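Structure record follows, encoded as structure tokens.
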């Protein structure tokens, strides 16, 4: 009979070992369970609770921008934005989600992906995929919510420009903060997805305009879908309002005047006239009443449904060139040779330095020769050949008269050759004027030192008589901005004080509704006008000359202003500038049409400086354009049908 | 001498009487009631846990999964009774049939199963989904144990060992190809434990262990480095992710981190069903199946999880006791293999939710939602009961 089976000792040993192993396994599980749940339970509990909490940024409405009379220039309208919190989306689904979302919203998937990579890491600030979304797209996203985890549709504020393109370059635009800006500004509380003013007022006064975002919290599930209502944690505070010195009426007049000036230039067969700028200042304190630049654009292009094709001229250098840089504020950033409008500077400096005397006549000859090489300089009017006093020379804009003054500066030796520039600097040339929105060009005030540093060859490095003479009539290397010119003419108009132009007069807390009025929070006091140290007698001689220029029958712009009922003083300028135009050889020059002046002549309330690029003679394009601004300002219409005097 | 003969004779006659006419009362008395009680406790506890875990999964029907799970449990009780009553040594005689059935189950999957989450594991039987690899687990142990016990005399020969491994490798590979890495690992562990209990020498076991380690290294490291991908990328990532958890919290190891957070947030006594946000808000993936343990930990805390683990420990202990009381070597080896498979499954599943084991899709016995799992686990208990009832109980009774 077979021995019945029994548990053998070796098997018993193995069962024992297995039992010990089983105990070990359970020991590990128990130990781990204890360590997770009991020892670190609170930590994980907090982690689990954080998991489901989302802080949602509540956008603060951006402050409004008002003109000097309280007219709303920029405000907000409600809009819808689609945001994406990529952190809520499992890694594996992200690429597909981005593709689908980009498809639904009609944005470039690649751009969206880049945006997500750049800003996606911060769970607090979702990426704004698109603002101003169409109703149908919103409905689609709502209906297919389950397919779009992490996507949220929020109310947002869109910038609303009441006057279209009016003041575009002054106002600037608002755009989403870039990665570079974020790196620079994150300490100041800017976060990814913020919109930030990029240029102009929006850029310079962003801290006042942006307000403080609020915070809401809500519970979400693992796919970022909200499972509770929003609970407010911190109320948003709206941005402050800004009141500008701009008068929308004058601004519009100035912009229309620019177009009018350009059209006049075209009518005068200056076909290359394609842009310009007009600055209107209050000569008493420097408040900018209008600042127009042409060509222009609509700031609303940056709002909501951004059309990249239309935006290209503003953002892309190549496209900007083709469209003649509409984003450029030519009034402050465009630098041009001033031509004859600079002659009052030469006159003042010459009298201060006793180079000449206002009422000792100098010959205004058709031709003059200066320098060792007998360089030839001509007057624009070859039929004038007579001695002139300063007012006469200014009125008729005699070139050879000022050539002589320039040459006299040169002959004063190295000391004298910088005197004119020193006075010009006192009047604000060669430096930025300190306008509060920045972005200014300082122009160029050539000196013998500058030539030495700037050029290589000995010929170019030398400061020759020609350089002083060219400078005296506002040609050569000299470059000024229309704003600098306006500041200088303000000085002439107000009796010798240099103003600092400004655009923002105060910061206001917008009143709620019609009852409560706006509360001024901070007033930006204009910098008091600085005395330039000009001799009043010398100034009076120049002012006489500029009055003659607009009223004497021989005056360069008397055809435009002579019959205007408000007495206007001012000077034309026709500056040769080397321009690159398609179809013309390199070195081709076009006349920049200038007119700068003020009115009323004895009690100036408005300075206008107009520039029409490639517009021909100053009296032909710029002066009639400037008159349009005066007409609006004084509410006095000019004589009908201005006779264009091509002198 | 005479007394001895008398006793032996009585035992022989008694034995014959028992086999000739089924003594139901005596048979019931020979069951391991502690094991049975543990199984029932696990069913009850498991249903309660599932009720909590899945309360918000089907909107409007909080008991959707509980009801299905209960139905499966009733089916499973049938399987238990069947496995208890049918003599397990039939499997010894007809092991080839059992083995072929196992293979057949594995192969059906490839033909009939639809792909769910990238894997062909489930066969749709209308109301329930049938997962053959779960049921195959018990059959696999029975067949392989029978093969080994048949050759018990030559068990220390490498030839026997290698043919057993070769025999086992076929279903293991089939499961692996479904792909179901976790269950393939369970099968492999069971095969190893069969060799362990059947009496393969220690030295040989060591060699096998080292070989298995090298194989694992090769699959995870050497072969991918040389351009041969054995595992699918996500499987390999789960293994490496388990070792290097903080690498990518948003992506590959997201599941594990959420799971650990869930377990940890449970604390001592749990957050309750309503408050358990990880489960309720779906931060925990597959919380009704693969990550059921984490969900349990979150809702019921250390106390609730410990109760489950203790019930498992009870089953393992009683299972090991079955090994010792088994009436023959086959019974002992089968019991040993089943207990080890059970233990391995618990460790991998509970361990993965706590970050101490790699993430693989193995259901948690008696708790994870899934009809096949509960049926096959009750079937497993039934087989243990059958071995116990036919074992040498007399000598062990006080």
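Rule-based calculations on the coordinates, nothing more; no lab input. All of these numbers come straight from a predicted model, not from anything done at the bench. Glycine also receives a Cβ, built like all others from the backbone with ideal geometry; neighbour counts cover every protein chain displayed.
Placing pseudo-labels 7 Å out from each Cα toward the beta carbon at residue A:271 and residue A:55 gives an inter-label distance of 6.3 nm. If R0 is taken as 60 Å, the Cβ-Cβ distance between residue A:145 and residue A:459 corresponds to a FRET efficiency of 0.20. Here the stretch A:332-408 is treated as an ellipsoid with the same Cα gyration tensor; its semi-axes, largest first and in whole Å, are 19, 16, 14.
At a temperature of 4 °C and a viscosity of 1.567 mPa s, determine how fast the stretch A:247-330 diffuses translationally according to Stokes-Einstein, using the Kirkwood radius over alpha-carbon pairs as Rh; express D in µm²/s, rounded to the nearest whole number. Estimated diffusion coefficient is 91 µm²/s. The mean count of C-beta atoms from other chains within 10 Å of the C-beta of residues in B:262-272, rounded to a whole number, is 6.
The Cα trace of the stretch B:284-398 gives Rg and Dmax of 15.7, 50 Å, the first to one decimal, the second as a whole number. For A:468, B:24, B:133, the sequence from fewest to most other C-beta atoms within 10 Å is B:24, B:133, A:468.
D by Stokes-Einstein for the stretch A:339-498, Kirkwood Rh over Cα pairs, 25 °C, 0.890 mPa s: 152 µm²/s. With 10 Å bins beginning at zero, the pair-distance distribution over Cα atoms of the stretch B:33-389 amounts to 5, 24, 34, 26, 10, 1, 0 %. Compared with the dominant principal axis of the Cα atoms in chain A, helix A:399-411 is inclined by about 80°.
Against the longest alpha carbon principal axis of chain A, how many degrees, from 0 to 90 and to the nearest 10, is the axis of helix A:482-494 turned? Taking the Cα atoms of chain A, the angle to A:482-494 is about 50 degrees.
So what is the 222 nm mean residue ellipticity for the protein assembly as shown from helices alone, if each DSSP H run of at least 4 adds -39500 (n - 2.57) and you divide by all residues, rounding to the nearest 500 deg cm²/dmol? Let's see the in-between values first.
Numbers: 41 runs with 506 residues, N = 1045.
Helix contribution divided over all residues of the protein assembly as shown: -15000 deg cm²/dmol.
So if we plug the beta-carbon distance of residue A:535 and residue A:71 into 1/(1 + (r/R0)^6) with R0 = 60 Å, what FRET efficiency do we get, rounded to 0.05? The value I calculate is 0.90. Working from label points 7 Å from Cα in the Cα-to-Cβ sense, the residue A:312 to residue B:56 distance is 5.1 nm.
How do A:43, A:617 line up, fewest other C-beta atoms within 10 Å first?
A:43, A:617
Each residue, residue A:603 and residue A:117, gets one label point 7 Å from its Cα in the Cβ direction; the gap between the two is 6.7 nm. Scaled to the globular estimate 2.2 N^0.38 Å, the Cα spread of the protein assembly as shown, given as radius of gyration, is 1.52. All C-alpha to C-alpha distances of the stretch A:54-242, sorted into 10 Å bins beginning at zero, yield P(r) values of 9, 34, 35, 18, 4, 0 percent in whole numbers.
Arranged from fewest to most other beta-carbon atoms within 10 Å of their beta carbon, A:188, A:247, A:160 become A:188, A:160, A:247.
For residue A:322 and residue A:432, the FRET efficiency from 1/(1 + (r/R0)^6), where r spans their Cβ atoms and R0 equals 22 Å, is about 0.15.
Share of pairwise Cα-Cα distances greater than 19 Å in the stretch A:9-66 is 65 percent (whole percent). Considering only Cα atoms, the convex hull volume of the stretch A:533-647 works out to 125 Å³ per residue. To the nearest 10 degrees, how steep is helix A:622-634 against the longest Cα principal axis of chain A, on a 0 to 90 scale? The two axes meet at around 80 degrees.
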